[in-house]
Each structure stands twice: as structure tokens, then as C-alpha cells.
Amino acid sequence: MTPKQKDLVRGTFTLLETKKEIVADLLYKKLFELEPKTQSLFRGDMQEQKRKLMRMLVIAVENLDNPEELRPMLFNLGQIHHSFGIEGHQFTSFGEAMMFSLKTVLGKDFTPDVEDAWKSVYLHLASTMHNHPHHDETVQLPHN
Ligand code: HEM
């Protein structure tokens, strides 16, 4: 990611953070539209799940300059997801759902440059999680 992209992510996250509940609600709503079968995998409290995801995003944005800090956490998260049987195409749908959510919340601030910057963040998270040492599938960027 370029320094400009990091600034765009940090800049837009200031607003997104104030609307965390909405961001997470929209993301999972869209994910379950795209991947209805994944809904039954979520067995815990969805409100808690949403908080965990948003906490993860806060940590990811805070560590844009220190990807090595994040790596052990992402490998661990990847292993948890692997144990649920999450597949590559589901990561693609999750990314699509996230872009939908960001676009809805940011409105006109979701410019093509902002979108590209967030896609880079997502791709980094998803590929580090999914392409951990127990895997050799690759993760693709969500399409528009
Ligand atoms: C970059 C992408 C993703 C991130 C950052 C992420 C993040 C998280 C986090 C932080 C947790 C909580 C783990 C814990 O309790 O310790 C979690 C759990 C979970 N995630 Fe993800 N996730 C991602 C992608 C996905 C995808 C693609 C799916 C499937 C469609 C998925 C399904 C689940 C499920 C089923 C759980 C467990 C829920 C439960 O405990 O009931 N995640 N995820």
C-alpha cells in the first residue's frame, strides 16, 4: 500500500469507527445474502461477533505501518476459520460484503481511490489469514 492509500484508509476510518454497529450490521447482512449457508456457522452471539470483527479492523488500521505485528494474530485467526471450513470464495464474498458496507456508510466519500485502498487492506487481511501455512489456495480481490 502507498502512503496515500494508508491516509485514505485512516481518514475514512475516523467516520466508520463512529458507525461501527452499522458497518458490521451491513457487512453480515450482505454476507448472508451472498453466502446464505455461512449463517449457520455463526453459533455465538452475533452482537459479540460484530464487536470482535470491528475490533480486528481497528487493530488492522492502527497497524497499517507494522504488518509484522498483525501477522501472528492473522495466522491464528486463519486457523480458526480453517477449522470452520471457510473456503476461498467465501473470503471473496466477505470482501464484497465489506466493500458494500463501506460504500453504504461512506456515501460520496467512497471514491474509487478509497475503494482501492480498502481493497488492499482487505486483501492483506484475507490473504494472510487464508494463505497461512496449512493452505495453498489463493484469495482473490472482490470484483465490483
Ligand atoms: C478478513 C476476513 C475476516 C476477518 C478479519 C474475520 C474476523 C473474525 C474474528 C475476529 C472472529 C472472532 C474469532 C474469535 O472468537 O476468537 C471471527 C469468527 C468467525 N468468522 Fe470471521 N473473519 C473474516 C472472514 C470470515 C469469512 C470469509 C467467514 C465465512 C463466510 C467467516 C466466518 C466466521 C465464523 C463462522 C466465525 C465464528 C463465529 C462463532 O464463534 O460463532 N469469517 N472472524
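What follows is calculated from the coordinates using simple rules that are stated; it is not laboratory data. A quick note: this is a predicted structure, and the numbers were derived from the prediction, not measured. Quick reminder, even Gly has a Cβ in these numbers, built from the backbone with ideal geometry, and neighbours come from all protein chains shown.
In table form, for the structure just shown:
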read-out: Output for the range 1-36, where each listed residue is among the basic types (K, R) and in a helix (DSSP H, G or I); value: K4, K6, R10, K20, K29, K30
read-out: Total residues in the range 32-83, condition among the basic types (K, R) and farther than 18 Å from Y122 by Cα; value: 2
read-out: Helices (runs of 4 or more DSSP H) contained entirely in the range 37-117, each with at least 2 residues that are free of Cβ contacts under 8 Å to residues at least 40 places away in the same chain and within 12 Å of the ligand (Cβ to nearest atom); value: 46-62, 67-83
read-out: Residue count, the range 61-70 (criterion: more than 17 Å from K19 (Cα to Cα) and surrounded by 15 or more Cβ atoms within 10 Å (Cβ to Cβ)); value: 2
read-out: Residue satisfying all of: in the range 20-36; exposed (fewer than 15 other Cβ atoms within 10 Å of the Cβ) and among the acidic types (D, E); nearest to the ligand (Cβ to nearest atom) among these; value: E33
